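What follows is a set of notes on a single structure, which appears directly below.
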Amino acid sequence: MRGRRPAVDLTTRVGSVELPNPVLTASGTAGYGHELADHLDLDSLGAVVVKSLHAEPWEGNPAPRVHATPAGMLNSVGLQGPGVEAWLTHDLPALAATGARVVASIWGRTVDEFARAAELLADAPPEVVAVEVNASCPNLEDRRALFAHSTVATAAVVDAAAAAGRPRWAKLSPNTPELPEMAAAAVSAGAEAVTVANTLLGMVIDTESRRPLLGAGRGGLSGPAIRPVAVRAVFDTREALPEVPIIGVGGVASAEDAVEFLLAGASAVQVGTATFADPRAPARILRDLERWCDRRGVATLDELIGVAHG
């Protein structure tokens, strides 16, 4: 019947957080959220995950910071940001006014810096429904800050983030063969869910100057090129920890991509690099996901989540 709304319940749970649907933005690709408000209804998404915030303002890496690749992009922004306090004062009000559910992403170079960022979020308004603990950004000059390559360090920063007083999601790295162990460590420290996964470490060299093109040399590869890696990472994590909620991220550009992550074991997905080419991508993927389910008689996401495991 023309005009009929699909009879699909896309509600999903990520730990204690219930979301109306599984489509979220990815940290670092949608700014602080309200920048997309002119392009789509942010309240219609599962949640908006903002760019990672340090306790203090952070300048980030030298330019050039972004470079297109044949199947995605390299970025070396280096976590530039205004700091938690400035975000709470100047950015969050406009985002909260859209009705969006907000997930604040935090990072630090030390456990104490994670704790300080979390403490600053303790009095955030209820629109901030969770905190994503970014233990895995690959484009920092100091590679020792990759907490997600150590089970002890992963547990320490997740534990420190408890100061925010909100559900914690640990964002992990695909650049370690011990990803399930890192996920287990995060959960043991109090994470309700894990975000799998961050970008892959990469580089591009300018053949004319014969030097690395990005200002910081190395960068994080994102987009369709990394999707098979991210799907495998989600699958491996689900296989090892079947009771742990997973947010899948890495090259989601269509409803079919989102379904692939769900089948691998994700309860939600994040859309990132696709928004650079199409700021409406998260809304389009959500609409198409609902239609995909309706056409196949899928009534709830439980019929999809983890099904590839048999």
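Taking the stretch 270-288 on its own, how many of its residues are over 14 Å from T29 (Cα atoms) and touching a helix residue (DSSP H, G or I) at 6+ places or on another chain (Cβ under 6 Å)?
Here is the first cut: in the stretch 270-288, the residues over 14 Å from T29 (Cα atoms) are 283-288.
If we keep only those that are touching a helix residue (DSSP H, G or I) at 6+ places or on another chain (Cβ under 6 Å) as well, we get 285, 288.
Selection size over the stretch 270-288: 2.
V271 passes all but one of (1) crowded, with 22+ Cβ neighbours inside 10 Å; (2) more than 17 Å from S105 (Cβ to Cβ); (3) not small (G, A, S); which number fails?
Checking V271 against (1) crowded, with 22+ Cβ neighbours inside 10 Å; (2) more than 17 Å from S105 (Cβ to Cβ); (3) not small (G, A, S), the one that fails is (2).
So which strands (runs of 3 or more DSSP E) are wholly in the stretch 191-310 and hold at least 2 residues that are of a type outside the set (S, T, N, Q), closer than 19 Å to E18 by Cα and in contact (Cβ under 8 Å) with a residue 40 or more places away in the chain? I'd like the intermediate steps shown before the answer.
Details: elements: 193-196, 200-203, 218-222, 246-249, 268-271.
Qualifying strands (runs of 3 or more DSSP E): 193-196, 246-249, 268-271.
Here is a list: A30, A63, A55. Which entry is assigned to a loop (DSSP other than H, G, I, E, B) and closer than 30 Å to L304 by Cα?
Working: A63 fails: closer than 30 Å to L304 by Cα; A55 fails: closer than 30 Å to L304 by Cα.
The match here is A30.
Test of understanding: among A37, A26, A30, which residue is more than 18 Å from the chain's Cα centre (by Cα) and among the small types (G, A, S)?
Working: A26 fails: more than 18 Å from the chain's Cα centre (by Cα); A30 fails: more than 18 Å from the chain's Cα centre (by Cα).
Selected residue: A37, the only one of A37, A26, A30 that is more than 18 Å from the chain's Cα centre (by Cα) and among the small types (G, A, S).
Please state which of the following conditions V158 fails to meet, knowing it meets all the rest: (1) of a type outside the set (S, T, N, Q); (2) touching a residue at least 40 places away in the same chain (Cβ under 8 Å); (3) closer than 11 Å to E132 by Cβ.
Condition not satisfied by V158: (2).
Out of the residues in the stretch 101-114 meeting the condition of being buried (at least 21 other Cβ atoms within 10 Å of the Cβ) and over 16 Å from the mean Cα position of the chain (by Cα), tell me which one is nearest to S136 (Cα to Cα).
Taking the stretch 101-114 first, the residues buried (at least 21 other Cβ atoms within 10 Å of the Cβ) are 101-108, 114.
After this cut, where a residue has to be over 16 Å from the mean Cα position of the chain (by Cα) as well, the list is 108, 114.
On the way: G108: 10, F114: 13 Å.
Only one residue fits best here, namely G108.
Kindly evaluate G265 against the criterion of being closer than 16 Å to T25 by Cβ and in contact with a Pro (Cβ under 8 Å, 6 or more places away or on another chain).
Working: closer than 16 Å to T25 by Cβ: no; in contact with a Pro (Cβ under 8 Å, 6 or more places away or on another chain): yes.
No.
Being surrounded by fewer than 22 Cβ atoms within 10 Å (Cβ to Cβ) and within 15 Å of the chain's Cα centre (by Cα): is that true of L213 here? Reasoning before the result, please.
Working: surrounded by fewer than 22 Cβ atoms within 10 Å (Cβ to Cβ): yes; within 15 Å of the chain's Cα centre (by Cα): no.
No: the conditions fail for L213.
Just so you know, all these numbers are worked out from the coordinates, no wet-lab data involved. Everything numeric in this text was worked out from a predicted model, so none of it was measured. All Cβ positions, glycine included, derive from the backbone under ideal geometry; neighbour counts span all protein chains shown.
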